[in-house]
Structure formats: C-alpha cells, structure tokens
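The values are calculated or read from the model by the stated rules, or taken from the named source; none is laboratory data. The model shown is predicted, which means the values in this text are computed figures rather than measured ones. Backbone-built Cβ (ideal geometry, glycine too); neighbour counts: all protein chains shown. Accessible surface is based on the protein model in full, side chains and every heavy atom, while ligands, DNA and RNA are left aside. Shrake-Rupley method; radii C 1.70, N 1.55, O 1.52, S 1.80 Å.
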Amino acid sequence: MAKKVLAILLLMFFVLSMAVGCAQKETNQPANQTSKTDETSKADETAKTDGAEQTSGKKIKIGYVCNFMNAEWYQNVIKGAKHKAAQLGVDIDVADANNDSAQQVSFAENLMAQGIDVLALTPVDAKTLKPVIESAKAKGIAVVTESNPVGGEATTVGADNKAAGKMAGLWMGEYAKKNNMELKLLIVGFPNFEDCRLRVEGFKEGLEETGAKYTIKQEVDSQGLKEKALAVSTDALTANPDINAIFGINDDSTQGAIQAYKSSGLDMSKLVAVGFGLEGSVGREALLNNTPIKAELAMFPEYVGALLVESCVKAYNGEKLPERLVTPTTMITPDTYKDFYKQEGNDWMLDFSAVEAIK
Amino acid sequence: MEGEFLLEVKGVHKHFPGVHALNGVNFQLRRGEVHALVGENGAGKSTLIKIISGVHNIDNGEYLIEGKPANIRTPHEAIEKGISVIYQELTLIPHMSIAENIFFSHLPNTRGKVNWKEVYEKTRELMSYVGLDENPRTKVGYLPVAKQQLVEIIKALSANAKIIIMDEPTSALSNNEIENLCRIIKELKSKGIGIIYISHKLDEILELSDRITVLRDGQYIDTVETADVTQDKLVSMMVGRELKDMYPRQACEPGEVVLEVKGLTTEKVYDVSFNVRAGEIVGFSGLMGAGRTELARAIIGADKRISGQVIVNGKAVPADATDKALEMGIGYVPEDRKNHGIFAQCCIRKNMTISALKQFKNTVKINRSNETLSVNKMVEDLHIKTPSIEQLISKLSGGNQQKVILARFLMMNGIKVLIIDEPTRGIDVGAKAEIYNILDQLTHQGLAVVMISSEMPEILSMCDRIYVMKKGRVTAEFKRGEATQEKLLSKAI
Amino acid sequence: MEKTSKGHFFKSITRFEQAALVIALLAICIVFSILSSSFMTVLNITNVLRQVSLMVIAGIGMVLLLLLGEIDISVGSLQAAVGIASVTVLNATGSIILALLAALATGVVSGLLNGIIVTKGGVNSFIATLGTMAIIRGIGMVVTKAVSIPVRVPEFAEIGAGQLFGIPVPVIISAALVIFFYFVLNHTIFGRQIYAIGGNSEAAKLAGLPVQKIKLQVFVLAGVLFALSAFILASRLDAGQPIAGQGFEMQVIAAVILGGVSMSGGNGTLSGALLGMLILGVIQNGLVLLNVSSFYHDIVRGAVIILAVYLDERRKKNAAKQLLRSSNK
C-alpha cells in the first residue's frame, strides 16, 4: 500500500521534473510564442503595407537550434531573427541545445523530421554537426550556421572575432595615448572557447599596433560568468593592485572584474575598462551609467539574427552565398550609443540602417 | 585413540596490544563430535575461533589438525584444510542465487564453461539432504534467515568440510527451525564431521553437545562431558561464582491499568486487545513472525495502524508519532539492538540521554554537568561496565548496550510503560540475570512492563501474565503458574 | 589506570581529526606565501575570507542536511532564484529589508518544498532536489527571460562589499552564523537530535524522536541559509542573475565532505567543514595569485579532494584498528 503510494508519487515527480526539464529548454518558448504572435500581427501589417513580398502560397519554415539560449546575447539574436522572419513572412522554430552537443544533434534531427525548409545552427561543437549537415543535404534542406562554421553549409553568419578584438585593442591603445596613461591590464577571458581566444588575440594585436605603453599584468578565466569573473579578478587584483585597465571577453566578464575592483576598495576613477559584446540590457546599463566602461565593442545580436534569417531564405531560394557573411562590429561609447539604438518605451530598438552604414 | 583428534590446540596464547586475549587455552575436537564452547562475552571464544579459522595467528602454543601442525595462516587455507565457519552474521551474497552462493568459489566447469546443469543438480541434492525446499535459482536475499543458514551449511558441505564451526546458529531461528537444525547436526555427526558449537543458550548446548569447554577471561577453565554437568554448574564455571536465582521475579500487587490496547489492527496484527497494570510484567510469546514486534511498533506509533486504540492512563496515544507516545510515557527497547537500538557512532552518554534530553535543558542549552551526573548514576545503578561514559556504545558488550538502552527510558521522569522486545538476545548469562533483576525492581516502583520473548524459560519465570500470539492474533492468555512450555507452544503453532 | 588512558585516547582521536585539516591548511598557506608575496597580506586574507564566506553560509545548511543523512543539490539554482526575487523586490520598493525578506521567503518556500517531498513523499533527497534544482532554475529563467536584473539601489552593494571595523560584512555574518550553529549542534537538543537521526534514523524514531518533523525543519533552515548566501551574492554581483550559482552545489558539497562530514549522516563537525571550505578557498585564491593557467585549477582542486578523503579514510581505518585492539579482550 505504502509502496504503491510511493511509486505513484515517484512517477508523478518524474513526470513533473521532466516537464520542468522540457520547460527549461523551452523556457523562452512561451515568451517567444507571445512575441511571435505580436510579431506575426506586425508582419501582417507589414505584409499589408509592403505589399507582396511573399506571394507564393507556402511559407518557408526555418528551424534554428541555438547553442545556449540562457544568455542574453542569444535572446537578442533570436529577437532579431524573429523580427526579420515576421518581416519576410517566414516561420521560425527555435530550440535550445543548452550547451549539450548531443542534444543539439537530436533537436536538429527532430526539426528536420518535422519538415523544415532551412536549418539554422549555432554549433555547440562544430565537429559533432557534420553528420547533421550531410543528412540535411540528403533531404534537400539548406543549412546556415551562425558564429562557427561546420563545413558544407550554405554560409556562416557571424562577426570576425579577431578583427573585432583588434578594434577594441586599438581603441584602448588610443585612449591610453590620449590620456597619457600607462596601461596595466587585467584580461578576463574564456580560453576554452576559440571565439573568445580570438578576441583576446586580436585585442593584443591592436594594442601593440597603437604603440601605447602597456603591460599585461594577468589573464584570468571567467568562463563567461559574472560570479566567476568576480572571484578570479578579486584574487588577481590582490596580486596586482596596480591594475588600471580591464578587458573582458563578454559583458559579464568585464562587469564581474569591475565589481571586483570596486569591492577591493580601489579607486574607480583611475580604472578604464573596455567591454566586448554589448549583448543587451546588461551591457547597455553598464555603458550608459557612468561606470569605468569607456567603450564597448558592439556586435549587434539583433542584426546577426536578422542576417541569419535573411541568409536562410536566400539559401532556400538557391542564391549563391559567400562562405562567410561577416556581421558588422564597431566601438560604441556612451555618446555614440544613441546613434545605433533608439529607445522605445522601456526597450531599446536597434537601428538597422545605422548598422548597415558601418559596412 | 587419544591421538586421533580431528583438531587440537594446546596451550595457545594470543596477545593484542594491552590485552592477553587467550592465556593457555586447550581444545580438542573428535570426529563426529559436537563440542560446545561456552563463556561470557570477552571470554575468548571468538578469538579462539578466529585462530582456528585462520583469521588470527597464534603467538604461542600448538595448533594441530589430525595430529599434524596445521600451518593455517589465512582463512582461505583454513577452508582448504576442511574448516568452515558459519558466522552469526551470515556472509552470503544476497543478489546471487542459492546455487551460485554455494558453488561460486568452485564452480564445476569444462574448460572454463560452467556446467550449470551439474551445478543445479548438485545443489538440489545437497538441499534435500538438509531439508531445504527451494528452487536453486532463488536469490538468497529472498530467503528467511533460517533458510539462509541452511544454505551456509550446504556451502560448508560442498567444500568438503571436516570441521564446521557454528557461531550462535540459533539466535535468529524459531523453535521449528531449531529442531530442524538439530536434526541436521545429528546427521553431520553421523558422517564423522566434527562440530564446534558456540551459543549463549545453555539448554540448547546441554541437549546437543557431547562435550563442553568453558573459557573465562581468556583462560581455559575446563572441558567436561555434557552428561556430567547441569546448567547451574555450567553457569558457575562461566561466571566464576554461584549464580543464585537467575529469575528473581517476585510478583507484586498489580495497580491500576496503565496501558490498554483495544482491537489494534495493522497490516501484520489483527484485532489485538490486552491491558497491563502498574507493577505487572506481561509477556508475549510466540514464534518468530507471529506479529509481536509489529504489535509493539504499532503501539508506539512507529507502524501504521489500520484500526484500534492504544490508551495510556486514560488518554489515547496518537497513531503516527513515536515522540507523542514517548511523551505519554511509553518506551520501547527494540529487538534488533544493533540496527534499531543504538547510535553506533555516539558515546554512551549521548545514547542514554537522547530520549530524556528535555530534562537536562537549561533555557536553551543542554546542561552537561546534570547530564553527566544522571548518566553516571545510571551506569552505577545498572552496573554498566565501561571505562567512561564517553566510550562509544558500539564498543560495549551486548549486555551493557542493552542496559544503556534500558537506562534511556528509565531515566525519564514520566515513564509508565516499558515494552521490551527480546530483552536478553545475544547477552551473556551474568548480564541476563542482572537485566531480569532490573525489570523486577522496576515493577516494584510501579512501572508496567511488556516483555516480548522467544525464550520460554525467561517468559515463564518472569511474567505475571502471558499472551500467546500466532499469525498476528492473540491465541491465548495465561496467568503466572498456569502456563507451561508445552501449553505456550501448542497455542503458538 | 586503563580508564584514563582510554579516555585520553578518544580525545586525541577527535583532536587529530581536525588536526589533519589544520595541518593541510597551514601547509597550503605556507607554500603559497613562499611562492607569492601578495598571499600573506591583510588585503588578500580579507579577500579570501570574503569569498569563502558565501560558501560558508550555504555550507552550514549543507552540513546540517548531511549530518541528518539528507542532501540538497538545488542550492545552486536557489542562488539564482533568490537573487532574482530579492533584486526585483529591491528595485520595486527601494527597501533592503523587504528585499531580504523576499530572499528569506524564497528560501523557506524552497526548503519546505524539498522537505515535504522528502519527508511526506518518501523520495530520496538526492533525487528530490535534483528535480527541484531543475524546477527552480527553470522558474528563474522563465521569470527573467534569461536576462539578469541590474540593481538600482546603490546602497545594496554595501552588504557584499562593505566593511565593519575593517572586516567585510559577509565575513561578520558568516562568522556569527558559524558560532551560532556550532552552539546549536553541540549544546542544544535540536543538535543532538540531528546527529542521532543522521546516525540511525530508525533507532531515533523508536527512541521517540520526531524524525520527520526535524527533517522538515532542517530543510527549511538550510533553505534560509542558502537564501542568505544568495542574497549576499546578489549584492556582490550587483544584479539578480538567472545563471548565478551554476555548479555551486558541487563546490559546497565537495568542501564540506573534504572537511570530514560524512555523506551517510551522523558524522562530521561544523569546524571540520569550515576548514574544508577554507582549504578550497585558499587553493582557488593562491592559484590565481600565482597566475596558474585556469586549466590546471580543476585538476589541483580534484586532486586535493581525493587526497584529503583518502587521508581521512586511512585515519578512520587506523583509528578503528586501534579501537578494535584496545577493546578486543
């Protein structure tokens, strides 16, 4: 009797936790679905106003398997993608691999089985996706990747991390020269990831090029997390309390390091920080609220998402695409932020034409 | 044929740091003989057995097998020489089948391929020999303890044992099962196998054995022919003094009804009603699995009740909270001391006061000096033998552990009913008498005692009234003096 | 004579138990201070203590649970949920007190949830909290849409970064809690009961202890402690982060076990656990000071845990052997 109750409870519990597990990977689905409906209604409007962008009966369906939706960066990539999809009148389904390459493969397979026309991927691990691309080809499904190429896809959309890093390095070097400052640097990186390694490499190259006086005091590993960045930077600052410049490979890394600087009781006015990403609200808050972040390398996630969808449609239509579609990046300071983003109520919207102009 | 001993140890000494565990012990075993080894806990029985079975090596003295030096240094060598030990705690592998357990060290095979047909046939043959009626493929974990023990015996036989050592083989068996074991032992004897038999149950030893060797404090006392001794003689040899009045029960005038159980029903207990008065010892007799322990657990609220009531001093005891039952004055000394009684990693003091901590509370803090005082008093009153109250309880002998658990409830101010389950299981003779004495004294102070026991002599001599249970029901009630062993048994079976 | 020598022997064992950890901690400190001049500085010691203090607060809760023979691995997810709840309330009301109440309430709810599933549902606590770990993390993600919430009340940062008499506030809080719970575990009925239930819950039940009630209470208490550490973490991060505390549960459990707290219940001390947490904190700090590549950090930490547990096992075996000898008459 007691055993039965236990068995039922256990079963219920597992169903519940599985449901939650699913809910987690779909965390953003409900939210997105609501935004989808808004955006489809917007799309209806645009369809009405723009006339016949899409006249043929069947809607194109894109399946996108994101690598890690729990990051604000990808939230905004998806936001841009959905917006673009609505404009073009195509459907997009998003799944989250949650940093698990096996899960990514199975989501991609499921989407293909459901009958999508184009598969978009942000690889968790590019090496594991070769077979997925092969089987997509066999089914006649076009593939577009974001950020890292797998090989065999129509194109790869993404920033040139090294060039972007260099921009940040150049900016910081020039800043130092202008202010007659000798840079003593803390670099908060994430060496496990190639993209992040390239950012740091580019940064150092750019810095060197300017001829500014600098020493790299320490490089630490934040794993891209604010908590971790805070902990390791605190330790690094104890070893090197003369650090006066910070470069972080993403918004959380930069801000964790600044937080460490602050709680170590060091003089915030002497600190200069350059961030990388400007992924969304977290980066915006830091840039606009008079923190040591003097400039951010902006990667425009909304733009990346939009370009991803556009390329998907082009790939579906059989248009020839270059191997890499490099998305624009630029340095943004508190003064220039409003040139790119416009406030709409509580939210800030990217001005796509301003990004186009960078090219 | 004096030289023709199956096994002989002469003048054996064994030292452990600070302890002279065996001090010149002699022991001989003849073919086809049941030779009992008796002594109180710590007398050196287990050390001797460990030497014979190769767990320990001797410091001094001789160890001969069939007249030749034994040269046994490891348990494995002992098994090869035909010595098998059946320990109190069985050593079978629960998730392996009967056949696998018996043969896993020597599976019959042809070039590495196990011949399962042969394994099962041999197993069946050996099983029928000891009267075990089971499928050889059954996993041992599913068998009751008595049957597991038979599997151990088969295992010994299959290893061609010439000497079988049985350590407390009947402690977990019902009377029926004990009878079966006796039959098997007699049969083994007739095959010329020598058996070393260790037990606390002296009546059993007197019935089964041919000779008895007595040890005390590591010393060899004597070896006697069983036919020449009485139980009293044996006890005095073991404890070194005459033990008068093993059972001290002096019935006192029963007072008010303290505990009343009405129509108590659980999954294992059906419609049990009884009462206990202040100053009374009420016994529950029956076979293992008759539902007596389950009854006790239901009374204190440890097991779910389906229906019925438990009333202490006119107030109903809640069905599902042992803490409420304790608060109302019911204490329970469990049968399985090791697993359900003691907190092995704690000292005597913490073990003793765990149920009565409220009495030592000093605003928010436990008052250590009061606690220590009370514990020391209990240690003195109950003659608990220990160097310190900070000693780990697991290092005490069974009898002393039992006294600590008794003290756990006796030190409570509001204790009214004590349910004590198998009060003297695994306890040596001297401590047994002391525990009976304590119980007797307690009733004179107005405590109501419920005693669950499978040992006929203790239940017959200690209880004022006796209930017999069978398959979860009460089948009979006897007054003191009315009951006999036969009457109890006939109602239990 | 035997009496005194035995009593002495027991005392020396318990003392030795902590001694191994103290020696390990000292050795590690000595090595680091030789290799790095900035290790043995007031600033760095303050930093280490501040960083460890969060783990200590959560670690107390974990010790209580482990002593009881239970575990809660939802602590990492709770760090995120509590941060989000308290920062949301903080931004809405501007009141740090209300934010603290929100944090503690979140801890109570999660502790109750875990406790009820374990005690009433009879679900193994590892599995139960594995489930709630996912649930709590999921709720945090849903509520924030995976975007962290920045703090809009500047004074809030003082909780994590502030100092009193030159000592960081989190260190003062954790020290006070350690002293309080040391007292609870060693000198109160509640503490005695926790050890007893963890050591043998069936015996505790039969001895009349309210086993389920105490388990539920400890789950709630642990939830509150976890929430407190999360509240301070939110202040340190200056944000309510939905991805905060990932892997925190394993860090806490590893540190506490390193400190000699048994996973099977009934065995361990708060002081041991504290030493375990300090050892891991110091190692983490020292490796960064020495500028050791982060790839080696995990290797060193893993090696230290295995070594410590191995030494502990050996010590226990030796102690058991000696006990056996001295009692086997």
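Residues of region A:134-156 that are touching a Leu at 6+ places or on another chain (Cβ under 6 Å) and closer than 21 Å to A:D251 by Cβ: A:E146 alone. Within region C:121-148, the residues that satisfy the criterion of being open to solvent by less than 40 Å² (accessible area, probe 1.4 Å) and under 21 Å from A:M69 (Cβ atoms) are C:A134, C:I135, C:I136, C:R137, C:G138, C:G140, C:M141, C:T144, C:A146, C:V147, C:S148.
Of the residues that make up region A:190-202, is at least one open to solvent by 10 Å² or more (accessible area, probe 1.4 Å), at pLDDT 90 or above, outside the structural domain of A:S147 (by TED's automatic domain parsing) and part of a loop (DSSP other than H, G, I, E, B)? Yes - at least one qualifying residue is present in region A:190-202. A search for C-beta distances below 6 Å between a residue of region A:259-279 that is away from every other protein chain (no Cβ under 14 Å) and any residue that is in a strand (DSSP E or B) and open to solvent by 10 Å² or more (accessible area, probe 1.4 Å), counting only pairs 6+ apart in sequence or on different chains, returns A:V272/A:K294. Condition (residue is free of Cβ contacts under 8 Å to residues at least 60 places away in the same chain, in contact with a strand residue (DSSP E or B) (Cβ under 9 Å, 6 or more places away or on another chain), under 29 Å from B:G263 (Cα atoms) and in a helix (DSSP H, G or I)) applied to region B:433-444: is it met by at least one residue? Checked against the condition, which is being free of Cβ contacts under 8 Å to residues at least 60 places away in the same chain, in contact with a strand residue (DSSP E or B) (Cβ under 9 Å, 6 or more places away or on another chain), under 29 Å from B:G263 (Cα atoms) and in a helix (DSSP H, G or I), region B:433-444 yields at least one hit. Would a scan of region A:82-94 turn up a residue that is within 14 Å of another protein chain (Cβ to nearest Cβ) and either free of Cβ contacts under 8 Å to residues at least 60 places away in the same chain or outside any helix (DSSP H, G or I) (or both)? Yes: region A:82-94 contains one or more residues that are within 14 Å of another protein chain (Cβ to nearest Cβ) and either free of Cβ contacts under 8 Å to residues at least 60 places away in the same chain or outside any helix (DSSP H, G or I) (or both). Screening region B:153-169 for residues that are assigned to a helix (DSSP H, G or I) and open to solvent by 10 Å² or more (accessible area, probe 1.4 Å) and picking the one that is nearest to B:S190 (Cα to Cα) gives B:L157.
State which residue is nearest to the other protein chains (Cβ to nearest Cβ) when the search covers only region A:56-67 and only residues that are part of a loop (DSSP other than H, G, I, E, B) and out of contact with any Asp or Glu (no Cβ under 7 Å at 6 or more places or on another chain). Looking at residues that are part of a loop (DSSP other than H, G, I, E, B) and out of contact with any Asp or Glu (no Cβ under 7 Å at 6 or more places or on another chain), I get A:N67.
Determine, yes or no, whether A:F247 is under 25 Å from A:R284 (Cα atoms), more than 9 Å from chain C (Cβ to nearest Cβ), in contact with a strand residue (DSSP E or B) (Cβ under 7 Å, 6 or more places away or on another chain) and not in a helix (DSSP H, G or I). It is true that A:F247 is under 25 Å from A:R284 (Cα atoms), more than 9 Å from chain C (Cβ to nearest Cβ), in contact with a strand residue (DSSP E or B) (Cβ under 7 Å, 6 or more places away or on another chain) and not in a helix (DSSP H, G or I). Residues that are within 10 Å of chain C (Cβ to nearest Cβ), open to solvent by 10 Å² or more (accessible area, probe 1.4 Å), without any contact (Cβ under 8 Å) to a residue 12 or more places away in the chain and under 22 Å from C:V211 (Cβ atoms) occur in region B:355-362; there is at least one.
Do the conditions hold for B:E100, that is, is it farther than 30 Å from B:T424 by Cα, acidic (D, E) and assigned by TED's automatic domain parsing to the domain that holds B:D210? Against the criterion (farther than 30 Å from B:T424 by Cα, acidic (D, E) and assigned by TED's automatic domain parsing to the domain that holds B:D210), B:E100 qualifies.
Considering each residue of region B:371-387 in turn, at least one proves to be at the interface with chain C (Cβ under 9 Å from one of its Cβ atoms), open to solvent by less than 70 Å² (accessible area, probe 1.4 Å) and of a type outside the set (V, I, T). Here A:E279 clears all of (1) among the acidic types (D, E); (2) over 28 Å from A:K84 (Cα atoms); (3) out of contact with any Lys or Arg (no Cβ under 9 Å at 6 or more places or on another chain) except the condition numbered (2).
Close contacts from region A:158-173, counting a first residue that is farther than 15 Å from A:G275 by Cβ and a second that is among the basic types (K, R) and surrounded by 22 or more Cβ atoms within 10 Å (Cβ to Cβ), with Cβ to Cβ under 6 Å and a gap of 6+ residues or different chains, come to none at all.
Given the criteria in contact with a strand residue (DSSP E or B) (Cβ under 9 Å, 6 or more places away or on another chain), among the hydrophobic types (A, V, I, L, M, F, W, C) and open to solvent by less than 60 Å² (accessible area, probe 1.4 Å), does B:M127 qualify? No: the conditions fail for B:M127. In region B:461-481, the residue that is modelled with the lowest pLDDT out of those that are open to solvent by 90 Å² or more (accessible area, probe 1.4 Å) and in a loop (DSSP other than H, G, I, E, B) is B:R480. Counting only helices (runs of 4 or more DSSP H) that sit completely within region B:342-429, those holding 3 or more residues that are farther than 22 Å from C:A203 by Cβ correspond to B:368-381. Quick one: what pairs do we get from region C:105-122, first residue in contact (Cβ under 8 Å) with a residue 40 or more places away in the chain, second of a type in the set (K, R) and open to solvent by 20 Å² or more (accessible area, probe 1.4 Å), C-beta under 9 Å, 6+ apart or different chains? Listed by first residue and then by second, the contacts come to C:G115/C:K215; C:V118/C:K215; C:T119/C:K213; C:T119/C:K215.
Of all residues in region B:113-141, those that are of a type in the set (G, A, S) have Cβ atoms under 9 Å from Cβ atoms of residues that are open to solvent by 90 Å² or more (accessible area, probe 1.4 Å) and assigned to a helix (DSSP H, G or I), 6 or more apart or on another chain, in B:G131/B:R183. I'd like to check something: does region B:186-195 contain any residue that is outside any helix (DSSP H, G or I), among the hydroxyl-bearing types (S, T, Y) and outside the structural domain of B:S285 (by TED's automatic domain parsing)? Checked region B:186-195: no residue is outside any helix (DSSP H, G or I), among the hydroxyl-bearing types (S, T, Y) and outside the structural domain of B:S285 (by TED's automatic domain parsing).
For the residues C:I135, C:I149, the requirement of being on the phi < 0 side of the Ramachandran plot and at the interface with chain A (Cβ under 7 Å from one of its Cβ atoms) singles out C:I135. All of B:N71, B:N109, B:N101, B:N57 fail the test of being farther than 30 Å from B:H15 by Cα and touching a helix residue (DSSP H, G or I) at 6+ places or on another chain (Cβ under 8 Å), apart from B:N101. Looking across region C:176-220 at every residue that is in contact with an Asp or Glu (Cβ under 8 Å, 6 or more places away or on another chain) and either among the basic types (K, R) or facing chain B (nearest Cβ under 7 Å) (or both), the one that is surrounded by the fewest Cβ atoms within 10 Å (Cβ to Cβ) is identified as C:K213.
Considering (1) surrounded by fewer than 22 Cβ atoms within 10 Å (Cβ to Cβ); (2) under 29 Å from C:G223 (Cα atoms); (3) not basic (K, R), the lone condition that C:M40 does not fulfil carries the number (2). When region B:227-236 is filtered for residues that are surrounded by 10 or more Cβ atoms within 10 Å (Cβ to Cβ) and either in contact with a Lys or Arg (Cβ under 6 Å, 6 or more places away or on another chain) or without any contact (Cβ under 8 Å) to a residue 40 or more places away in the chain (or both), the ones remaining, listed by number, are B:V229, B:T230, B:Q231, B:D232, B:K233, B:S236. The condition of being touching a Leu at 6+ places or on another chain (Cβ under 9 Å), within 18 Å of C:P242 (Cβ to Cβ) and of a type in the set (S, T, N, Q) holds for only one of C:S148, C:S125, that being C:S148.
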